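Participant: Just passing along the structure, written as C-alpha cells.
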Amino acid sequence: MPRIKWRRGLYAITDTTRFQGEELYSACTQAVRGGAVMLQYRDKSGNAAKRHAEALQLRKICHQHNAFLIIDNDHQLCHDVEADGVHLGPKDLSVLDARSLLGPGKIIGVSCHQSLARANQALQETANYVSFGAFYPSKTRPDAKIIDKALLKEITKFPIPSVAIGGITSERAEALIHQGIDHVAVISDLWNASNIEQYAKEFTQLFKGYETFLDRGLM
C-alpha cells in the first residue's frame, strides 16, 4: 500500500451510471484534486473487464493525488488491481475472511447502517473504518432509513474512523464534522456539481483544523 497519510476528509463514491470511461476518470480526478481523501469505486454493471480497467486507472489517479482507492464489495478486484482496500456491506464477505484473503496491509471498511453492534463486531474483526447512515434523505438510496441522530455521540467514540453517508451536502456536512465524524461520504451532490473540483474543495475546507487523527490507531 502506498505511503499515504490517512486524514479526515471527503469520501467520494463513484456514480458509474452517470460517468464511465474517460468521463469517470475526469470527474474523479477533479474530486481528488479538490481534496477527497478516499474514493470508493462502486460499479454494479457485472462487466468484469470494464470494472478491472476502470479500477486500475482510478488507482493511478488516486495515488497521484494522495488519496486511497477503496473497492466496493469486491475483495477479488481489490486484490487484482492492488487497490488500497475494500468496503463491505452486510451481505458481503466477513471482515475476518476479507482480512485473511487480503492481508494486514489493506483497508477494510464496513457498512453498519444504524447498528452499533455491527460496528463493534467489525472493530473486533480488525476493520479500519465503519460507516453509518443514512443521515439525511438520499437520492441514491431513497428507501434508506434515516439514522437516529442520538447515535452520533456513540459513533464518534469509536477508536477507528467513522463515515457518515446519505444525503450529505456541504451545508449538512459542517455540523457532522464539528461533532466528530471523520469522513463524509458523498455521491450525487458531488457529481451533480457544475465544478466538481471546486465543490470538493468546499468539503475539504470544512475539515480545516480537523484533518489529523490524534490517537486512532491509524497508519
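The values are calculated or read from the model by the stated rules, or taken from the named source; none is laboratory data. Because the structure is a prediction, the values reported are computed rather than measured. All Cβ positions, even for glycine, are placed from backbone atoms using ideal geometry, and neighbour counts span all protein chains on display.
Participant: Going by the structure shown, is ALA175 buried (at least 23 other Cβ atoms within 10 Å of the Cβ) and not in a loop (DSSP other than H, G, I, E, B)? If you could, list the steps in order and put the result at the bottom.
Facilitator: Values: buried (at least 23 other Cβ atoms within 10 Å of the Cβ): no; not in a loop (DSSP other than H, G, I, E, B): yes.
So ALA175 fails the test.
Participant: Additional query: With (1) over 17 Å from ALA53 (Cβ atoms); (2) touching a strand residue (DSSP E or B) at 6+ places or on another chain (Cβ under 9 Å); (3) surrounded by fewer than 23 Cβ atoms within 10 Å (Cβ to Cβ) as the list, and GLY103 as the residue in question, which single condition is left unmet?
Facilitator: (2)
Yes/no per residue for (1) polar (S, T, N, Q); (2) more than 18 Å from LYS5 (Cα to Cα):
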| position | (1), (2) |
| --- | --- |
| HIS75 | no, yes |
| GLU82 | no, no |
| LYS106 | no, no |
| GLN121 | yes, yes |
| GLN124 | yes, yes |
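Participant: Let me ask you something else. Which residue is surrounded by the most Cβ atoms within 10 Å (Cβ to Cβ), if the candidates are limited to the stretch 33-59 and must be farther than 26 Å from ARG8 by Cβ and among the aliphatic types (A, V, I, L, M)?
Facilitator: LEU56
Participant: Something else about it: So which residues in the stretch 150-160 are in contact with a strand residue (DSSP E or B) (Cβ under 9 Å, 6 or more places away or on another chain) and surrounded by fewer than 23 Cβ atoms within 10 Å (Cβ to Cβ), if there are any at all?
Facilitator: LEU151, LEU152, THR156, PHE158, ILE160
Participant: Could you please find all residues in the stretch 60-106 being assigned to a strand (DSSP E or B), under 18 Å from ALA12 (Cβ atoms) and hydrophobic (A, V, I, L, M, F, W, C)? Break it down into steps so the answer makes sense when it comes.
Facilitator: Initial filter on the stretch 60-106 (assigned to a strand (DSSP E or B)): 68-72, 85-88.
Applying the additional criterion that residues be under 18 Å from ALA12 (Cβ atoms) yields 68-72, 85-87.
If the condition is that a residue be assigned to a strand (DSSP E or B), under 18 Å from ALA12 (Cβ atoms) and hydrophobic (A, V, I, L, M, F, W, C), then PHE68, LEU69, ILE70, ILE71, VAL86 are the ones that fit.
Participant: Given the criterion of a type outside the set (Gly, Ala, Ser), touching a residue at least 40 places away in the same chain (Cβ under 8 Å) and out of contact with any Pro (no Cβ under 8 Å at 6 or more places or on another chain), identify the matching residue among PRO142, PRO161, PRO104, PRO137.
Facilitator: Going through PRO142, PRO161, PRO104, PRO137 in turn, just one is of a type outside the set (Gly, Ala, Ser), touching a residue at least 40 places away in the same chain (Cβ under 8 Å) and out of contact with any Pro (no Cβ under 8 Å at 6 or more places or on another chain): PRO161.
Participant: Just to verify a result, which residue in the stretch 1-31, among those that are surrounded by fewer than 21 Cβ atoms within 10 Å (Cβ to Cβ), touching a Lys or Arg at 6+ places or on another chain (Cβ under 9 Å) and β-branched (Val, Ile, Thr), is farthest from HIS65 (Cα to Cα)?
Facilitator: Among those residues, the one meeting the criterion is THR17.
Participant: Hey, can you tell me all the residues within the stretch 11-53 that are of a type in the set (Gly, Ala, Ser) and at pLDDT below 95?
Facilitator: The answer is GLY21, SER45, GLY46.
Participant: Could you identify the single residue in GLY109, GLY133 that is buried (at least 19 other Cβ atoms within 10 Å of the Cβ) and either within 23 Å of CYS62 (Cα to Cα) or among the β-branched types (Val, Ile, Thr) (or both)?
Facilitator: GLY109
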